[in-house]
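Undergrad: Shown below is the structure under consideration.
Any read-out appearing in this document is the output of simple, stated calculations on the displayed coordinates, not a laboratory observation. Remember, predicted model here, so these are calculated numbers, not experimental data. Neighbour counts run over all protein chains shown; Cβ positions are idealised from the backbone, glycine included.
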Amino acid sequence: MSNDDRKSMLQLLGKAILIFCRLYLGGWMCVSGTSYWRTVLGFSPIFPQPFGTLPTSNELLVTMVHTHFFHIVKTCEILGGLSLVLGVFVPVGLLMLLPVSFVVWYNAIVLNHRFDKMFTPYMGVGCLYMNLILMVWYIRYYLPMMTFKATVGSISDCRRLGTIFKSDVA
């Protein structure tokens, strides 16, 4: 096997792993959001919503539910998850899921004092890591936003909205 063949196989394997991460993270977010909304609508959840093992974790999650902020979070989980699963608007979906992933990680590690589990394979930490890895994979879509001194656009820029459904796949 030549070096080019090995390199090609590694690239293919890397791409397969990243696609798996996109689908797994998206699916997990869809299920998590749907499970919550099922309880809101009076149905049994897919799995019970954990409310933390320590008082600060419990307080955060209960407050989010009582203030209906969880409605927003769980809707973002579903919308962002669907974008990842369907492979449409993936960079926006990843941005939408980043705060959710961070709060899940923060709750799992910091508020529950589980620093020993920072690198264990469970979704309390894995969702943030997958989200960040996928964002690096899609970095070319974020780089144009990194303009140091951005200027305000104009209403005529809205004409560019018509191009959003054009594929960048060659």
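Undergrad: What distance in nm lies between label points placed 7 Å from Cα along the C-beta direction at residue 41 and residue 110?
TA: 3.4
Undergrad: Subtract the Cα-Cα distance of residue 4 and residue 164 from 0.36 nm times their separation in residues, and report this length gain in nm to one decimal.
TA: Working: separation 160, 0.36 × 160 = 57.60 nm, distance 3.53 nm.
Net length gain for the segment: 54.1 nm.
Undergrad: Give the relative contact order (percent, whole number) for the chain; include only Cα pairs under 8 Å separated by 6+ residues. Provide the component values of the computation, followed by the final result.
TA: Working: 140 pairs, mean separation 35.6, N = 170.
Normalised by residue count, the contact order of the chain is 21 percent.
Undergrad: For the stretch 32-95, what is Rg from Cα atoms divided by 2.2 N^0.38 Å, rounded to two decimals?
TA: 1.24
Undergrad: Here's another thing I want to ask about it. Rounded to the nearest 500 deg cm²/dmol, what is the calculated helix-only ellipticity per residue at 222 nm for the chain, with -39500 (n - 2.57) per DSSP H run of length n ≥ 4? List each step's numbers first, then the result.
TA: Numbers: 6 runs with 104 residues, N = 170.
My calculation for the chain gives -20500 deg cm²/dmol from helical runs alone.
Undergrad: Quick one: longest stretch of the chain between exposed loop trypsin sites (Lys or Arg not before Pro), exposed meaning at most 10 other C-beta atoms within 10 Å and loop per DSSP? Please report the intermediate quantities before stating the final value.
TA: Details: sites that count: 149, 166.
Value returned for the longest uninterrupted segment is 1-148.
Undergrad: Quick one, can you get me the convex hull of the C-alpha atoms of the chain expressed as volume per residue in Å³?
TA: Details: hull volume 33.4 nm³, N = 170.
It comes to 197 Å³ per residue, whole-number rounded.
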